[in-house]
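Below is one structure; the comments refer to it alone.
Only the coordinates and a few stated rules stand behind these numbers; no lab work does. No experiment lies behind these values; they were computed from the predicted model shown. Don't worry about glycine lacking a Cβ; one is built from the backbone with ideal geometry, like all the others, and counts go over all protein chains shown.
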Amino acid sequence: MYLQMTQDGRVSGSDVQTLYSVLQLKSVQPGHVVIQGLSSSLFLCVDSGGRLRGQTHYSEADCTFQELLLADGYTRFLSSHHGFPVSLALKNSPGRHTVPFTRFLPLTNTLTRESMSERPPNSQSNFNMDTDDLLGMGLNSMVSPQFSARK
C-alpha cells in the first residue's frame, strides 16, 4: 500500500500510487525526519492519541519521526515525541486480529506530470484481515528492492 495524505489532511492507504502518495522525507537531525506531501504540501503529523493527520504548519512535537532502518530493507517511523508508529492499520477493529501496516519501503515516484490525475481521496482498499495474504499478492511474490539489487 502507498501512504497518502490528501489536501484535506486525511491520511490513508492506497493500492496504487497517486499524486497524494508522493511524499518527501527531510532529515531534521540524525535519525529523525519530517514527512511532507509534495502535492498537498502538508506535513504528516500524529496527535497524542496516535491519530495521523496532515497539517499545514510544522510542529516539532507532532510532525517529527524517528526513522528506524530494518535489516530487511524496510523502514519504520515512530513519532519522536508521542512514540506512536506511522501505521495504516485500522485502529477501531474490535474482536479482529489486525496486522499493523507499519513497515515502509522508499520507492521512486513513477507518476509523470501528465499522468498525475486527481483520484478520489477514498481510493482505499478493504482487506480481509483473516487471511495470511492481506494484499492478495501471493506469499512469495514480494521482494525488497534491497534484495533485488544484490542479484
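Order these by the 10 Å Cβ neighbour count, fewest first: Arg76, Arg51.
Numbers: Arg76 17, Arg51 11.
If I rank by nearby Cβ atoms, fewest first, I get Arg51, Arg76.
Please list 102-108, 16-22 highest first by mean number of surrounding beta-carbon atoms within 10 Å per residue.
Those peptides, ordered most packed to least, come out 16-22, 102-108.
Bin width 10 Å, alpha-carbon pairs only: give the P(r) of segment 1-50 as whole percents, running from 0 to the bin holding the largest distance.
With 10 Å bins starting at 0, P(r) equals 27, 50, 23, 0.
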